[in-house]
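> Have a look at the structure that comes next, please.
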Amino acid sequence: MTERTKFYIGGAWVEPKELRTLPVVNPATEEPLYEIALGSPADVDSAVAAAREAWPAFAATTREERVALLTRIMEIYSRRMREIGAAVSDEMGAPLTLAERAHAGSGLSHFMTTLEALKTYEFEERLGHALVVREPVGVAGMVTPWNWPLNQIACKVAPALAAGCTMVLKPSEYTPTAALILAEVLHEAGVPPGVFNMINGLGPEVGAALSAHPGIDMISFTGSTRAGIDVAIRAAPTVKRVTQELGGKSPNIILPDADFEKAVAGGTRHCFNNSGQSCNAPTRMLVPAERMKEAAEIAAGVANSLRVGNPRTAGIDLGPVVNRTQWEKIQRLIESGVAEGATLAAGGPGRPEGLNKGFYVRPTVFAGVTPEMTIAREEIFGPVLSILAYKDEEEAVRIANDTPYGLAGYVSSGDIAHARAVARRIRAGNVNLNGVMNDRRAPFGGFKQSGNGREWGRFGLEEYLEVKAIGGWGD
């Protein structure tokens with residue numbers, strides 16, 4: 001039975017210092033599912049103390065011991081993937097098939113690629129008479145979001161374990177169950193007491209306490225840019241390492257030599273995936289000015305073909321967005337697009353027809369969007385696509401880079417050399433060509449206000465390591 005009113009600290013399920021609860025609401029029905037306990041700074045103190053006590057012994061474990069541990073975790077995780085997927089679907093609204101395949105699957109994938117990196121990673125190297133060693137950074141604090149719960153948890157927890165760090169995790173209060181199940185998986189796999197600790201709670205309370213805590217050596221945060229700034233400010237007095245994966249407003253440049261219909265349709269579907277609740281979604285589609293009408297028709301056709309409904313219903317493409325706050329924000333931004341003069345090609349304000357309850361959003365396409373419009377600048381985090389025109393390649397690149405964000409970019413061309421050349425000019429941490437997504441062994445992270453640091457594979461492992469040079473080591 002999943003423990004929803006306890007925290008996992010020091011290898012055991014423990015009562016909060018003071019019991020306060022929060023309902024977790026099913027976004028498809030707007031009805032409460034259950035309640036979870038909310039942590040406090042006092043609970044954070046307990047978790048950090050457990051992590052600090054466990055750290056010396058776990059940091060001293062061998063590569064082989066950590067390889068065996070990750071292998072056991074993967075075996076147990078694999079048995080519970082359908083359970084994880086069902087929890088994600090119920091709590092944040094992803095269609096059940098997407099939740100089981102992509103959400104739960106991404107978590108397993110990050111453990112796999114981390115294990116692969118760990119097996120061959122060089123923790124020591126000789127440079128002249130010095131030995132350079134890479135050692136675990138210490139105790140890591142982790143704050144993760146609701147939109148891809150297991151993806152973001154696994155790409156922090158897996159490399160921390162591989163590096164020899166101990167940790168305290170605060171998952172999103174909107175999607176707690178996947179994290180609770182993972183705690184059970186880690187316990188069953190034999191993760192030593194105190195190595196992994198987990199507290200549910202609110203960002204301004206538990207997240208803030210982790211960020212500022214002097215016993216935390218590193219804070220890894222995924223969420224909005226606004227919240228990321230607060231994390232960095234709170235972390236600054238203790239000069240702890242801060243890694244962040246924040247917001248995005250990713251451009252998708254469709255070059256004139258691309259397979260236009262395929263690129264526009266594929267980019268639209270990608271934008272709407274997960275009900276648009278992905279930080280790297282290609283939400284700004286850039287097309288040649290003379291093909292704006294054609295692009296709008298193709299994108300509208302995709303939007304109008306998507307089936308929106310209860311995520312537990314077979315054949316559904318899009319479920320609801322996560323909560324009322326998010327739904328109302330999306331509605332305001334759709335209305336701003338109409339008010340500022342963009343052409344509404346599909347969708348619009350309100351719920352889809354026939355859905356009178358639940359946080360459902362109409363898949364929406366705006367054409368004729370200009371770079372200064374609100375919908376071209378703010379992260380909407382819903383199924384809303386903005387199509388912008390460019391007159392030539394130079395303008396396309398300029399518009400693509402005209403954003404405070406820099407998480408991802410997309411380029412489509414019939415000439416791969418042409419696509420590669422344009423990709424090099426995009427100021428973003430990840431650029432994907434012709435609809436091919438990143439390899440999970442490659443780094444994931446952003447430029448500018450999309451964050452700092454990198455996750456996934458070897459690059460994620462290195463974020464949890466300190467570098468030490470020992471001079472005079474000798475021959």
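> Sort PHE459, PHE444 so the one with the fewest other Cβ atoms within 10 Å of its own Cβ comes first. Don't skip to the end; give the middle numbers.
On the way: PHE459 17, PHE444 22.
Fewest-to-most ranking of PHE459, PHE444: PHE459, PHE444.
> Kindly provide log₁₀ I(q)/I(0) values, in the same order as q = 0.12, 0.13, 0.15, 0.16 Å⁻¹, from the Debye equation applied to equal alpha-carbon scatterers of the stretch 251-443.
-0.54, -0.63, -0.84, -0.96
> Further question on the same structure: When we measure straight from the Cα of LYS249, which aspartates and glutamates land under 20 angstrom away, once same-chain ones fewer than 8 places off are left out?
GLU328, GLU335, GLU340, GLU372, GLU378, GLU379, GLU393, GLU394, GLU395, ASP402, GLU455
> So what's the gap between the Cα centers of the stretch 256-301 and the stretch 365-425, to the nearest angstrom?
What the calculation gives is 10 Å, centre to centre.
> Take every DSSP beta bridge with both residues inside the stretch 251-443 and express the antiparallel ones as a percent of the total, to the nearest 5. Walk me through the numbers before you get to the answer.
Details: 3 of 23 bridges.
Close to 15 percent.
> How high is the FRET efficiency from TYR121 to THR5, r the C-beta distance, R0 45 Å, rounded to 0.05?
On the way: r = 39 Å, r/R0 = 0.87.
Computed FRET efficiency for TYR121 and THR5: 0.70.
> Fully extended, how many nm does the chain gain between ARG82 and ASN434 (0.36 nm per residue separation, minus their Cα-Cα distance)? Show your work: numbers first, answer last.
Numbers: separation 352, 0.36 × 352 = 126.72 nm, distance 3.13 nm.
Residue separation times 0.36 nm, minus the Cα-Cα distance, leaves 123.6 nm.
Read the figures in this text as sums done on the coordinates, not as results from a lab. What you are looking at is a predicted structure, and each value in this text was computed from that prediction instead of being measured. Methodologically, a virtual Cβ is constructed for each residue, glycine included, from the backbone with ideal geometry; neighbour enumeration extends over all protein chains shown.
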